[in-house]
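We did not get these values from a lab; they are worked out from the coordinates using the rules stated. Quantities reported herein were computed from a predicted structural model and do not represent experimental measurements. Cβ sites come from the backbone with ideal geometry, for glycine too, and all protein chains shown count toward neighbours.
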Amino acid sequence: MADAYHCAPMSTSSLPNKVDAHRWADRGMQLEQDVPLAGFARLSALLGEKTGVLSLKASFSRDPRRHPWLQLTLKASPVLICQRCLGPMAWEIDEVLSLHLLADESEVERLLDSDDYVFLDEEGQLDLTQVVEDELLLCLPMVGRHDRCVDMLEFEEDVAVDKPITPEGELGQETRKPFAALADLLAGKRD
């Protein structure tokens, strides 16, 4: 029967850093915890707001070959900074990950190319906090930006972006030629 390890929603310091992966896998340990996103140093540096909570579930077991295995469920809504308008942008994370826990690189050969894995340290320990933070960072976009920023919508309303131009270039007003003055200057220098 699986043991459950429940932690109060405090900080990442209550999340066990070092876990004996083999012992936890043998016991079928499960961990359920709410962790403040601001408690992860690397992730926190990317947040637009230092609020939000990660809902974490971790289940340790053995794969069919009796190697330790970790299934992680990560749910969070971090607020990032949109790189287009620099405003706050919510990003949903709802991931279920299965990770092989390997002692060294020689064990990688037994895995499929699609299998995910992490390495244990020399004592067979897993740094759970680091693994969780790594996976959270992988869930974030390379460049956070809104599909349509508020500033863009206001700009589109001010400028007639959606009005079709006739083949003659008429919009009910004279067609603007922004480089006409440059052409006149260049023509004047040639004389």
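What the table below lists for this structure:
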{"quantity": "At R0 = 22 Å, FRET efficiency that the Cβ-Cβ distance of residue 66 and residue 98 yields, to 0.05", "calculated": "0.85"}
{"quantity": "Karplus-derived HN-Hα couplings along the range 85-98 (A = 6.51, B = -1.76, C = 1.60, θ = phi - 60°), whole Hz, x at Gly and Pro", "calculated": "10, 6, x, x, 9, 6, 10, 8, 10, 8, 10, 10, 10, 10"}
{"quantity": "Integer Hz, Karplus 6.51/-1.76/1.60 couplings in order for the range 32-38, x for Gly and Pro", "calculated": "10, 7, 9, 10, x, 4, 5"}
{"quantity": "Separation in nanometres of the label points that stand 7 Å from Cα toward Cβ, at residue 105 and residue 125", "calculated": "2.4 nm"}
{"quantity": "Nonlocal amide H pairs with residue 85, under 5 Å, H built at 1.01 Å", "calculated": "146"}
{"quantity": "Other-chain or far-sequence residues with amide H under 5 Å of residue 140's (modelled H)", "calculated": "none"}
{"quantity": "Mean separation of Cα contacts under 8 Å, 6 or more apart, over the residue count of the range 4-139: relative contact order %", "calculated": "24 percent"}
{"quantity": "Gained length - residue 41 relative to residue 57, 0.36 nm times residue gap less alpha-carbon distance", "calculated": "3.7 nm"}
{"quantity": "Kirkwood-based Rg to Rh ratio, the range 4-139, C-alpha trace", "calculated": "1.01"}
{"quantity": "Nonlocal amide H pairs with residue 117, under 5 Å, H built at 1.01 Å", "calculated": "100"}
